[in-house]
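Below: the structure, in structure tokens.
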Amino acid sequence: MKRKITLLVFLSVLVLTLIACQFTGLTPLQTTATPTVAPQATLAPLPGGQTDLVSQQDRMVAIYDQVSPGVVTIQTSKADGTPLGLGSGWVYSADGYIVTNQHVVEGADKFEIDFPSGDKAFGTLVGTDLDSDLAVLKVDVPAAVLHPLTLGDSDQLKVGQIVVAIGNPFGLNGTMTTGIVSALGRTLQSNRQAPGGSGSYFSAGDLIQTDAALNPGNSGGPLLNLDGEVVGVNRAINTTSTTASGDPTNSGIGFAISINIVKRVVPYLIQDGKYDYPYLGITSIDDLPLQYLQELGLTQYTGAYVTSVTPGSPADQAGVRAGTQATSIQGLEAGGDLIVAIDGHTVLHFDDLLKYLFNNKSPGDTVVLTVLRGDQQVDLTLTLGKRP
């Protein structure tokens, strides 16, 4: 499934700049072991009622001391040693698995993992996922070098909550920045192109938006809550500003892959080298202006409007309808279904649909889509496929 924006002239295109690559890198190594995530000590609760600057400072220092030993620098290169870039990563498990972004390792043959302790190791690429922009590397180092980070629960995040990023912006290793959760459940374009050769891409859902400063080199690093738990993996920024050398710079709008997506995807990357996403086979738009809603004849203003259905897809087989009736707005066709719920969960936006699917469903599972068709509400049962 993917979001269609080309027909909406009023929508501006976000400049979503990947925040990884920079500087140098070197060689890999391998394994297929199942990870065992080591338990990690948690921080003491915040003192009741204390809001003074000293207590806040001490909290941030404690988070950094706890987490930074598990944040690594990833330098990538071609087989002949030609440097490609630099990104961040973090220790996922005590048996040497490292999580980062897919775009950090893309096109590379060699991977050097640099630890805050000064230790260095060559890593083997275990698996990648274009849809979530996640990748897993494996290193063989002494146990004392590895400091696995504790995983949080991104479903517990609230807008306004303080978050912390640790990574290597512009090659400045171990840099810590802070901000808040600006929004939840955001959708971006994934790195996987949709079939058909139209240049469109599948969607990546359940992303965290934050104003914590993220810059080139932060990609793949952890986004943390005040308990020092990983709640996201930093992925991209929305910016129009660049440095003198042309590198994109922080604008206060950054995006991180939610840790609950990581929890679903990474074990499969370790075991199989890939992860299959549930697939509906629709293109959808939402947040339409009133004029467009009136042209479509919609009586409900929230939901995901279906603009196209892929022939033979699960949505097609279940009878989901796309718009086919011309309107006065070029490219906008009326008569399509408006998805208002999935398995009884309200869909206000297309983002809601993706978040539910990616966090709760797998290919082969059955879901019930509730659609508004004209002035009637219809339930459609379909069996999810996997993204082609």
Residue 287 of a type in the set (Asp, Glu), outside the structural domain of residue 264 (by TED's automatic domain parsing), touching a residue at least 24 places away in the same chain (Cβ under 8 Å) and not in a helix (DSSP H, G or I)
yes
Could you go through segment 194-201 and let me know if any residue there is polar (S, T, N, Q) and either under 21 Å from residue 151 (Cα atoms) or in a strand (DSSP E or B) (or both).
no
Taking residue 205, is it within 13 Å of the chain's Cα centre (by Cα), buried (at least 23 other Cβ atoms within 10 Å of the Cβ) and part of a loop (DSSP other than H, G, I, E, B)?
no
Only one of 82, 76, 124 is of a type outside the set (Phe, Trp, Tyr), outside the structural domain of residue 215 (by TED's automatic domain parsing) and buried (at least 21 other Cβ atoms within 10 Å of the Cβ). Can you tell me which?
76
So for segment 166-184 (the condition being touching a residue at least 12 places away in the same chain (Cβ under 8 Å), more than 24 Å from residue 121 (Cα to Cα) and in a loop (DSSP other than H, G, I, E, B)), does at least one residue qualify?
no
Go through segment 94-111 and report how many residues are surrounded by fewer than 22 Cβ atoms within 10 Å (Cβ to Cβ) and within 18 Å of residue 70 (Cα to Cα).
2
Anything in segment 356-388 that is surrounded by fewer than 18 Cβ atoms within 10 Å (Cβ to Cβ), part of a helix (DSSP H, G or I) and touching a residue at least 24 places away in the same chain (Cβ under 8 Å)? List them, or say none.
359
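Condition test on residue 218, is it in a loop (DSSP other than H, G, I, E, B), in contact with a strand residue (DSSP E or B) (Cβ under 9 Å, 6 or more places away or on another chain), buried (at least 23 other Cβ atoms within 10 Å of the Cβ) and not charged (D, E, K, R)?
Answer is yes for this residue.
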Take the residues of segment 29-85 that are of a type in the set (D, E, K, R) and in contact with a Leu (Cβ under 9 Å, 6 or more places away or on another chain): which is modelled with the lowest pLDDT?
59
Determine whether segment 240-249 contains at least one residue that is buried (at least 21 other Cβ atoms within 10 Å of the Cβ) and part of a loop (DSSP other than H, G, I, E, B).
no
Run residue 272 past the list (1) under 24 Å from residue 369 (Cα atoms); (2) at pLDDT 95 or above; (3) among the acidic types (Asp, Glu) and report the number of the one that doesn't hold.
(1)
Within segment 109-126, work out how many residues are more than 22 Å from residue 174 (Cβ to Cβ) and aliphatic (A, V, I, L, M).
2
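The values are calculated or read from the model by the stated rules, or taken from the named source; none is laboratory data. Since the structure is predicted, the reported quantities are computational estimates derived from the model, not experimental observations. Neighbour counts are summed over all protein chains in view; Cβ atoms, including those assigned to glycine, are modelled from backbone coordinates with ideal geometry.
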